[in-house]
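The values are calculated or read from the model by the stated rules, or taken from the named source; none is laboratory data. It should be emphasised that the depicted structure is a prediction, and the values quoted were computed from it without experimental measurement. All Cβ positions, even for glycine, are placed from backbone atoms using ideal geometry, and neighbour counts span all protein chains on display.
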Amino acid sequence: MNRAIPIGMLLSALAIGVAACGDDDDTASSGDTSGAPAGGTLTVYSSLPLQGAARPQTTDLVNGIKLALKQAGNKAGPFTIKYESKDDSSAQAGQWTAEQVSANARSAAQDDSVVAVIGEFNSGASAISIPILSEAKVPQISPANTAVGLTSDAPGADKGEPTKYYPSGYRNYVRIVPKDTIQGAALATIMKKDGCEKVAMANDKEVYGAGLARNIEIAAKAQSLNLAFNQGIDPKAANYRSVASRAKSQGADCFVYAGITSNNGVQIYKDFEAALPNAKLYGPDGVAEAAFFDPKEGGVPAKVAQKVKLTVATLSPDSYGEVGNKFFADYEKEYGEKNPNPYSIYGYEAMSLALDAIERSGTGTREDIVKALFATKDRESPLGTYSIDENGDTTLTDYGVYEIKDGEQVFLETVKADV
């Protein structure tokens, strides 16, 4: 899941957050590994947007976290585990804010009992929290981030990524969802499969959107998918009729947007559908939210929505195999919900991985837990069997393809990205 933020705001938040950490000599700069003696109590935070459009997803994600901890008896090896759910959003913003993300990260960094943070939900938020948590050597596990630059300088990363997120050089961050090199390939794969002959692409020029667009370009070339153009847009433009007209004049029969809903995503799809009424429309996880696909929330009209396919790093509940099926059965028994948001399974696995790493660390200290996270190999989980590579990325590569019906995302198929 990716959301971009203005660079000025990001740099300001980083400066404030890292400075706050630097003042905490006991946690960040003294080499303290923080934790608890054998048999002590350790704390795991989550930092997620619990208000706004993401609330349905994050509510079930938190439920998954709680279920994993309950099934473990609130234990990880000899340690008792306490969980605290933190909100990184505000009611006024209706989404995560840089200020709240920084506050949550500082709170975790300065609490010696905290040995892991599950978060963030949004890649832009992690760009703020990672430097703070890295400085304090707090292990961080994201159940949703996809932006390439958080972990590597692979194609799609921005200049200076990922080094700028780890000011001390300490790598503390891992994720359990595939990064956007995979999502870009997944979008190209599904467009090729659907018979697209010429694809027009627009990006919102933010770090996430521009990076994902580059990933799509690379994958399209590798798969001999004809890309008419990749055009950056002004997110504040009144309309995008000229871009859509350009696509029409070049004979495009498909359109993909690399960007987020809040950067005028609804308008650009409306304009492209009007100019190319027979075209197939595609989008990434950046628009996979009610604000885009539900007309009641200001989303695209039904006639547009029915032509859209979205790629998201979550699958249908019945796509996760025997172990995954057990999770959903347990979830229904615990919460009375038969079909939770697929992010519930990522919350469950994020906490399960944290508990496993704490136990494998032997000491319960932050640094040893980070080592255990990066040493994760061939882990059998509800998501499937995966490892964490040297950059902190999962080896999983499956993406879910969704269509939109009656203002809701409906799982269509699993795509094996051709990378």
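Residues that are assigned to a strand (DSSP E or B), surrounded by 18 or more Cβ atoms within 10 Å (Cβ to Cβ) and of a type outside the set (Asp, Glu) do occur in the stretch 372-380.
Is it the case that Lys309 is among the basic types (Lys, Arg), in contact with a helix residue (DSSP H, G or I) (Cβ under 8 Å, 6 or more places away or on another chain) and modelled with pLDDT under 95? Criteria not met by Lys309. Among the candidates Ser262, Ser361, the residue that is over 24 Å from the mean Cα position of the chain (by Cα) and of a type in the set (Ser, Thr, Tyr) is uniquely Ser361. Restricting the stretch 98-119 to residues that are of a type outside the set (D, E, K, R) and assigned to a loop (DSSP other than H, G, I, E, B) leaves a set whose member that is nearest to Pro131 (Cα to Cα) is Gly119. Annotation: Glu337 fulfils all but one of (1) under 25 Å from Gly73 (Cα atoms); (2) more than 17 Å from the chain's Cα centre (by Cα); (3) modelled with pLDDT of 95 or more; the unmet one is (3).
Counting the residues of the stretch 266-292 that are touching a residue at least 60 places away in the same chain (Cβ under 8 Å) and under 26 Å from Ser123 (Cα atoms) gives 9. Can you find even one residue in the stretch 250-258 that is over 23 Å from the mean Cα position of the chain (by Cα), at positive phi and either surrounded by fewer than 16 Cβ atoms within 10 Å (Cβ to Cβ) or not polar (S, T, N, Q) (or both)? Yes, that holds for at least one residue. Here is the figure for the stretch 184-222: residues that are hydrophobic (A, V, I, L, M, F, W, C) and within 19 Å of the chain's Cα centre (by Cα) total 8.
Selection over the stretch 392-411 of residues that are touching a Phe, Trp or Tyr at 6+ places or on another chain (Cβ under 9 Å) and surrounded by 14 or more Cβ atoms within 10 Å (Cβ to Cβ) gives a count of 12.
Identify the residue in the stretch 374-409 that is within 30 Å of Ala291 (Cα to Cα) and of a type in the set (A, V, I, L, M) and, among all such residues, is farthest from the chain's Cα centre (by Cα). Once the filter is applied, the top-ranked residue is Ile404. The residue that is modelled with the lowest pLDDT, counting only those in the stretch 191-232 that are surrounded by fewer than 20 Cβ atoms within 10 Å (Cβ to Cβ) and part of a loop (DSSP other than H, G, I, E, B), is Lys205. Entry remark, the stretch 259-275: residues being basic (Lys, Arg) and crowded, with 21+ Cβ neighbours inside 10 Å number 0 in total.
Scanning the stretch 53-80 for residues that are within 21 Å of Ile176 (Cα to Cα) and assigned to a strand (DSSP E or B) turns up just one, Ala76. Where helices (runs of 4 or more DSSP H) sit wholly within the stretch 234-351, those with at least 3 residues that are in the same structural domain as Ile118 (by TED's automatic domain parsing) occupy 321-335. Of all residue pairs spaced 6 or more apart or on separate chains, those with beta-carbon atoms under 9 Å, a first member in the stretch 76-91 that is assigned by TED's automatic domain parsing to the domain that holds Ser102 and a second member that is loosely packed, with under 15 Cβ neighbours inside 10 Å and of a type in the set (A, V, I, L, M) are Gly77/Ala38; Pro78/Ala38; Phe79/Ala38.
Screening the candidates Ser47, Ser102 for the property of being more than 30 Å from Glu337 (Cα to Cα), hydroxyl-bearing (Ser, Thr, Tyr) and under 19 Å from the mean Cα position of the chain (by Cα) yields one hit, Ser102.
When the stretch 81-97 is filtered for residues that are aliphatic (A, V, I, L, M) and in a loop (DSSP other than H, G, I, E, B), the ones remaining, listed by number, are Ala91, Ala93. Taken over the stretch 172-188, the criterion of being modelled with pLDDT of 95 or more and either closer than 15 Å to Ala116 by Cβ or of a type in the set (Asp, Glu) (or both) is satisfied by Asn172, Tyr173, Val174, Arg175, Ile176. What is the one condition in (1) without any contact (Cβ under 8 Å) to a residue 12 or more places away in the chain; (2) assigned to a helix (DSSP H, G or I) that Thr385 does not satisfy? That leaves (2) as the condition not met.
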